[in-house]
Amino acid sequence: MQAAFPVSSLQPVEQLIDYTPLTVTSETTVWDSIRLMNKYQPPAPYVLVVENWQVLGLFSWGDALGAIESEINFRNSKITEVMNTSVVKLEYSQLQDIQLILNIFIQFKGLPVVIQDEKKQLVGCISPETILNFLFKEYKSKIREAEDYRNINHQITWENFHLNKTSEIEDLDSSLDLKQALESSSEGIIITDLTGQVIYLNSSFTKMFNYTRKQLNALGGFSFFWKDTGEYQELLASIKQRKSCHSQLEIKAPDDGILYINTRTDAVEDVTGKIIGMISINSNITQEFKAQKACDLTNKAIAASSNGIAIFDVRLPAKPIVYGNPEFQRLSGNNTSATLGVTNHFVEDVNQAINRLSQRRSEIYSKEYIPIIRNYCENGQEYWYQLNLSPIFNHKKKLTHYVCIQTDITKHKLVEMSLYLTQEKLQHLLFSNTGVIYSSDFCADYSITFISDNIFEMIGYETDEIVSDSTFWISHIHPDDLQLFLRELPKVFTQNKVIIEYRFLDKNGNYIWIYEQSKLVKDHNNNPLEIVGHRIDITERKQLEEDFKQALEKEKELNELKTRFISMTSHEFRTPLSTILSSSELLENYRNNWEEEKQLKHFNRIRIAVKHMTNLLNDVLFFGKAEAEKVDCNPVDIDLVEYSRQLLEDIQINQIKNEFGQLDVKINLNTNQNQIIVNLDERTLAHILNNLLSNAIKYSQPGTTVNFTVSAQKQQVVFEIEDEGIGIPSEDLPCLFDSFHRCQNVGNIQGTGLGLSIVKKCVDILHGKINVTSKVGVGTKFTVTIPVIFNI
């Protein structure tokens, strides 16, 4: 019995409104909103975002998961950045009945309904939780009454037994009638307390399972029967809800045997209705279980048979199929589940054979072979098979069924067609172009059945090696072209011919390009027999096509490079030129009215713009020389420690100071030696370090530090530049050193995209290596390693 609750009884609807929903303002952070929701037990499912008593949106745990995936800062981000603005709103006057609310829940997948007044101000909220709370309060007594059943066969109170957990059942002096009833039951009965300790076992239980109360308690009590502790915990939870539990268990007997039991467990209550224990009624189903298992094993063996097996019921006039294994379905082209109990063309053929056999009474007890039958599977595949029929009799020796066993003789039948196939092959050879002639099966592996001897000159394999292995040809096709081959070749069934070009691994371990043209050979009934065709080596032609393609790609790349260069230079030159023009015009017109400091400011703007243009031109000129491999390399002896100090002084002089006269980004120089003298090209090294250090400053936040480390190791020097800047996205790392490439997170920071490309070319000129590690929002570290000869 369950408590019923008609929707129409919820009147008025106003009783469902939560007039004090959980709310936050638009200035509240995501972090504080989540903490507020989590303070409740259970946690609140959502919080409303309210401004001036008007609802702006809703934030739920689902929105919190979305915020985690977007990796925003919970402590600094406002709730309005992640809230859901799709809030369902109703005016108070629009409330009709509960059905309207339920329809909204269904349409909007459980979103709460915000109730507002005519001024659009928040009145309250109706959610699935508020309805459930109402139902719980309103119908708590009815639900308890519905679940409070007292079945006399299964509810046994402690008062009837006067049980003492430390005494035996013989102490029950006031429940002899009940004890006698329990002892006379053929079912095994066990009574336990709520901890699972056994209080009573009837004699049937002891006989059935060979366990005493003492033995079971020593093994853990009633929980010993449950291998899965989770299922046992579910049982206890159901008992506390006064629900009856049915289970099938596998238990270990005292003699180490395995027993299978059906068990039903119910709650035991005292006179006050308090649950104080459990009673379980058990049946031994071991023999039935083993019999069913043996039957299942037999069915699996029949289902796995390589022969098709079907059973026909001859007691009915139509002699329909009553069983068919999967192989029967494959061979006969019948869907077994669809043909059970009905007839079709295949059944009619077999029925004719059964009728002939039944007419010969003298042979009714023997097997009968019937003529070969051709059929088609669901995919159109043709099969030939032979049948034999075996009779089945009932206990009165009356014929009831025939077992039909199918034997696949498709390959034997195909041998008979070999002469016709040979004629078709010869005819096709007469009209084929120069190349290797072949034929193949049209099954899944397209195994080669014939191939001409000139295949040896093409791939280096003999014909016997190819024909003897059904997977030879497919296994030697290039992995990238295999799917193309398997997709295109089946088109021979619908097209006059199929042309495929693919790579093939020859005996020397090289891939050659093969041009293949194939067609399908059919018999006089238009049934497919075999695929025939010819193959030609087109490796040389493919190489010419590839060279031409690469030339076109190179030209396209150069054109794109030119376009990007023009776009970059026009953009990068426009800004400093505009600065120079505006400052020079202002100086020309207003210089006499300005103080010297203001004039110097504009002169300084002109100087910086000119310097920016000069650096840009130097980068472009150097990049052009590097592309043309015309960079001069003049190595000289350099003290890298002193050189690095001087380089940092120059960079910091040119760095703009903040309002307090301090550098926005500080650079620390670290070295493991006082002096490192090497023979290097100073200009090339300057391009590397200037670009890397400039980038570290450019993409770092004010107040951060750039660590510049110079060290000598064996026969190489290592430069490390590590910043605390914006970092490089992982998707930009593969093309980081490409010309004119800029990372997607640089925003409005100026740059040409040439700096790192120049760095890479300079490192290559010095025969060095460059490595980069980065994390967005944390920083970037470049490591440059250059082989040198140290001068001591």
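Values computed for the structure shown
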{"quantity": "Residue match in segment 499-515 (condition: closer than 25 Å to Glu416 by Cβ and under 38 Å from the mean Cα position of the chain (by Cα))", "calculated": "no"}
{"quantity": "Residue list for segment 506-528, filter: of a type outside the set (Phe, Trp, Tyr), at pLDDT 90 or above, surrounded by 15 or more Cβ atoms within 10 Å (Cβ to Cβ) and over 16 Å from Tyr438 (Cα atoms)", "calculated": "Asp506, Ile512"}
{"quantity": "Test: Gln287 is more than 21 Å from Lys207 (Cβ to Cβ), outside any loop (DSSP other than H, G, I, E, B) and at pLDDT below 85", "calculated": "no"}
{"quantity": "Selected residue [among the aromatic types (Phe, Trp, Tyr), more than 38 Å from the chain's Cα centre (by Cα) and closer than 23 Å to Gln675 by Cα] from Phe782, Phe790", "calculated": "Phe790"}
{"quantity": "Selected residue [over 21 Å from Thr20 (Cα atoms), among the hydroxyl-bearing types (Ser, Thr, Tyr) and either out of contact with any Gly (no Cβ under 7 Å at 6 or more places or on another chain) or at pLDDT below 80 (or both)] from Ser141, Ser127", "calculated": "Ser141"}
{"quantity": "Close pairs (8 angstrom Cβ cut-off, 6 or more residues apart or separate chains): of a type in the set (Ser, Thr, Tyr) in segment 212-227, open to solvent by 60 Å² or more (accessible area, probe 1.4 Å) and in a helix (DSSP H, G or I) anywhere", "calculated": "Ser223/Thr229"}
{"quantity": "Selection count, segment 72-99, where residues are open to solvent by 20 Å² or more (accessible area, probe 1.4 Å) and in contact (Cβ under 8 Å) with a residue 40 or more places away in the chain", "calculated": "12"}
{"quantity": "Those residues of segment 492-505 which are modelled with pLDDT under 90 and surrounded by fewer than 15 Cβ atoms within 10 Å (Cβ to Cβ), in sequence order", "calculated": "Phe493, Thr494, Gln495, Asn496, Lys497"}
{"quantity": "Which listed residue is in contact (Cβ under 8 Å) with a residue 12 or more places away in the chain, in contact with a helix residue (DSSP H, G or I) (Cβ under 7 Å, 6 or more places away or on another chain) and either within 20 Å of Gly509 (Cα to Cα) or of a type outside the set (Ser, Thr, Tyr) (or both), from Asp445, Asp481", "calculated": "Asp445"}
{"quantity": "Ile466 open to solvent by less than 50 Å² (accessible area, probe 1.4 Å), touching a strand residue (DSSP E or B) at 6+ places or on another chain (Cβ under 9 Å) and part of a strand (DSSP E or B)", "calculated": "no"}
{"quantity": "Those residues of segment 392-409 which are in a strand (DSSP E or B) and at pLDDT 80 or above, in sequence order", "calculated": "Ile392, Phe393, Leu399, Thr400, His401, Tyr402, Val403, Cys404, Ile405"}
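Residue by residue, here is whether (1) modelled with pLDDT of 65 or more; (2) in contact with a helix residue (DSSP H, G or I) (Cβ under 7 Å, 6 or more places away or on another chain); (3) open to solvent by 100 Å² or more (accessible area, probe 1.4 Å); (4) among the aliphatic types (A, V, I, L, M) holds:
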| position | (1), (2), (3), (4) |
| --- | --- |
| Ser567 | no, no, no, no |
| Leu577 | yes, no, no, yes |
| Asn604 | yes, no, no, no |
| Pro635 | yes, no, no, no |
| Ile638 | yes, yes, no, yes |
| Leu648 | yes, no, no, yes |
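The values are calculated or read from the model by the stated rules, or taken from the named source; none is laboratory data. In this text, all values refer to a predicted model and were calculated from it rather than measured experimentally. Because the Cβ atoms are built from the backbone with ideal geometry, glycine has one as well, and the counts that use them run over all protein chains shown. Note: accessible area is taken over every heavy atom of the protein model, side chains too, but ligands, DNA and RNA are not part of it. Shrake-Rupley method; radii C 1.70, N 1.55, O 1.52, S 1.80 Å.
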